[in-house]
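The values are calculated or read from the model by the stated rules, or taken from the named source; none is laboratory data. Keep in mind that this is a model prediction, so the values were computed, not measured. Using ideal geometry, Cβ is built from the backbone for each residue, glycine included, and neighbour counts are taken over all protein chains shown. Ligands, DNA and RNA are stripped out before the accessible areas are found, and what is left, the full protein with its side chains, is counted by its heavy atoms. Shrake-Rupley method; radii C 1.70, N 1.55, O 1.52, S 1.80 Å.
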Amino acid sequence: MTSLRLAMDTAFWDLNVSSAQNLEGTARAVPGEAAPLGMARASRVLRPQQLSFLSRAFPLGLVPSFAPTPCKDLGSFAIQSLLLGPSSDRWMGLAGQFRPRKLISNIKKEVTMGDELEWPQFKDVAMHFLDKSLYALGLFSQISLTPETSLLFNMERHGDKTGRRAKAMLLHELPRHDVTIEAAWPELFLDSKGNYWDVPTSVSLDVASLIPDSGLRYRFGLHKNGGQPEALNFSSTDIPLTLLPGVCAKAAVSYEKSMDFWREQEKSTRARKLVKKPAWISSYDERLQEPHATISGIIGGTYATWFGDGNISNPKRRNQFHADFFGSLCYTIQFGKFKKDFNDLRRISARLDICSASAFMKGVSHLISDTTKRQVNTEFNPLATPRLNVILQQQVAGPIVFSVDSRVSLVSPSGKPCVDDVMFGLSYYFWKLKSGKILAWFSPKRKEAMVELRLFEF
C-alpha cells in the first residue's frame with residue numbers, strides 16, 4: 001500500500017524523493033503535482049547511516065553519485081564518503097564529497113605545458129587540490145530526547161555555491177499518530193518536470209495517523225514558505241504556485257483497501273519458528289517471499305486554505321480555498337519466492353492515478369465539447385490526465401534484481417499517450433537484513449544516478 005499513499009502524500013510538503021544534488025540525499029516533491037515514481041521515493045535511512053553501511057561495500061569507502069552542476073568544469077561525477085560516523089557515544093557524523101573532473105583536467109593542463117614537472121609546476125599542481133569548488137562537507141546529528149522524541153539537524157556547504165543549507169526536524173511518536181515539525185533554509189524542491197527549486201525558508205507542522213495496510217487515514221498540518229523561489233540548473237519564471245510565499249493550512253483524508261485474488265502463503269508452524277531457517281532456504285527479502293496477485297485502491301479528498309501574498313509575485317492566480325478528490329487503483333502480480341538463484345522473482349505492478357478529480361472532470365467535459373464542435377482546446381492541464389505507473393522487477397542472479405519504473409500520461413498536449421518519466425534500478429538484497437537492499441538507480445530525465453541503502457521497501 002506504500003505506493004498508493006503517494007497520491008495523498010504528494011499533497012503535502014514533506015514527501016522526500018532521492019536526489020544526488022546535496023549531501024543529505026533528498027529533495028522535496030512539489031506538492032499538488034503528479035506523484036513521483038515509486039523508485040524515486042527517498043530511503044527512510046538517514047544518509048550518514050547509509051554511507052556507513054555502503055562504505056563496507058565500496059573500495060576505500062568511496063560511494064559514487066552522478067548529478068549535473070551549473071559549472072560544467074566540475075562535471076557530474078562525484079564521490080561521497082563518511083569522514084566521521086555516529087556511534088554510541090557520538091551523536092554527530094561528518095560526510096564529504098569530491099568532484100574529480102575539474103582537478104584531473106587542471107593537472108593534465110599543467111603537465112602538458114612542460115616537458116618535465118619542475119618544482120614551480122609541482123606547486124601549481126598541488127594548489128589545484130586546494131580548490132574549494134571541488135569539495136562539499138555536511139554535518140549531521142540525531143539526538144533522542146525521549147524514547148518517543150528525536151531531534152535531527154544537518155548543515156552542509158558546497159564549495160561551488162554561495163551560502164549553506166541547514167535543516168532541523170523534531171519527530172514525536174504518539175500511540176496512533178506521528179507529529180513532525182521541520183524547518184529548512186533553504187529547502188530543495190523537485191517538480192514533476194525534473195527541475196529543482198530552492199525556497200529560501202520552509203517551515204511545516206504535520207500530523208499523520210497511523211494505520212495498518214487498510215483502513216481510514218488522515219493528515220493535517222500547516223506550512224509556511226518565505227522568500228522568492230529560485231530555479232536551479234535552469235532558467236524559468238514559471239514558478240509552481242505551491243512554492244510561492246504564504247501560509248497554507250491543509251487537511252486530507254483517505255480510505256484504503258486491499259484484496260488478494262490468490263496468495264501462496266509461506267508455511268510456518270510453531271515447531272518451525274523455534275528452528276532458524278538456513279540461509280539457503282530463506283527468501284532474500286521476507287516481503288517478497290509469497291507469490292500473489294493483489295488489487296488495492298485508495299480514494300480520498302484534500303482541503304487547503306492559503307494566507308499570504310504569493311499572487312503578487314506571480315501572474316498566475318493561486319486559489320485561496322481549494323478542495324479536491326483523488327484516487328488510485330493498483331494491481332500487483334508476483335511469481336516466485338525469491339529463494340533460488342535464478343528465475344525465482346518476477347513482479348509487475350501497475351497503478352492508475354487520478355491526482356485531481358475536478359481537473360479530470362473538466363478535461364472530460366472539454367474533450368466531449370471539442371469532439372462535438374470539432375474544435376481543439378489549446379489549454380492543457382497536466383493534472384487532468386490519468387497516469388499509469390508501471391514497475392517491472394526481474395531477478396538477474398541470486399540477490400540481484402533489475403527494476404524499471406515508468407509513468408505514462410494517457411493524454412498529452414498532442415492528444416496521444418506519452419512517457420512522462422522512467423527510472424532504472426539494480427538492487428542487491430541482503431537476507432540477513434530480512435528486508436534490506438543496496439539500490440543503484442539512474443534517472444535519464446534528471447540525468448542523475450545514486451546508490452542508496454533501503455530497508456523494508458519494495
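Summary of computed values
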| read-out | value |
| --- | --- |
| Residue within the range 162-184 that is loosely packed, with under 15 Cβ neighbours inside 10 Å and among the small types (Gly, Ala, Ser) present | yes |
| Selection from the range 200-223 of residues that are open to solvent by 40 Å² or more (accessible area, probe 1.4 Å) and assigned to a strand (DSSP E or B) | 201, 203, 205, 216, 218, 220, 222 |
| Residue 47, sole failed condition from (1) in contact with a strand residue (DSSP E or B) (Cβ under 6 Å, 6 or more places away or on another chain); (2) open to solvent by less than 50 Å² (accessible area, probe 1.4 Å); (3) within 24 Å of residue 15 (Cα to Cα) | (1) |
| Residues located in the range 214-250, provided they are closer than 21 Å to residue 189 by Cα, over 22 Å from the mean Cα position of the chain (by Cα) and in contact (Cβ under 8 Å) with a residue 12 or more places away in the chain | 226, 227, 228, 236, 245, 246, 247, 248, 249 |
| Within the range 325-357, considering residues that are out of contact with any helix residue (DSSP H, G or I) (no Cβ under 7 Å at 6 or more places or on another chain) and of a type in the set (A, V, I, L, M), the one modelled with the lowest pLDDT | 357 |
| Positions within the range 248-267 being open to solvent by less than 100 Å² (accessible area, probe 1.4 Å), more than 28 Å from residue 301 (Cβ to Cβ) and in a strand (DSSP E or B), in sequence order | 263 |
| Any chance residue 152 is within 21 Å of the chain's Cα centre (by Cα), part of a strand (DSSP E or B), within 30 Å of residue 419 (Cβ to Cβ) and at pLDDT 90 or above | no |
| Residue within the range 428-442 that is open to solvent by 90 Å² or more (accessible area, probe 1.4 Å), part of a strand (DSSP E or B), modelled with pLDDT of 90 or more and under 23 Å from residue 341 (Cα atoms) present | yes |
| Answer residue from the range 322-374, given it is in contact with a strand residue (DSSP E or B) (Cβ under 7 Å, 6 or more places away or on another chain) and part of a helix (DSSP H, G or I) and is least open to solvent (accessible area, probe 1.4 Å) among those | 357 |
| Test set (1) over 26 Å from residue 420 (Cβ atoms); (2) of a type outside the set (Val, Ile, Thr); (3) not in a strand (DSSP E or B) - residue 184 fails condition number | (3) |
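To keep it simple, each residue is scored yes or no on (1) outside any helix (DSSP H, G or I); (2) without any contact (Cβ under 8 Å) to a residue 24 or more places away in the chain; (3) in contact with a helix residue (DSSP H, G or I) (Cβ under 8 Å, 6 or more places away or on another chain); (4) closer than 17 Å to residue 421 by Cα.
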position: 4; (1), (2), (3), (4): yes, no, no, no
position: 12; (1), (2), (3), (4): yes, no, no, no
position: 17; (1), (2), (3), (4): yes, no, yes, yes
position: 39; (1), (2), (3), (4): no, no, no, yes
position: 43; (1), (2), (3), (4): yes, no, yes, no
position: 50; (1), (2), (3), (4): no, no, no, no
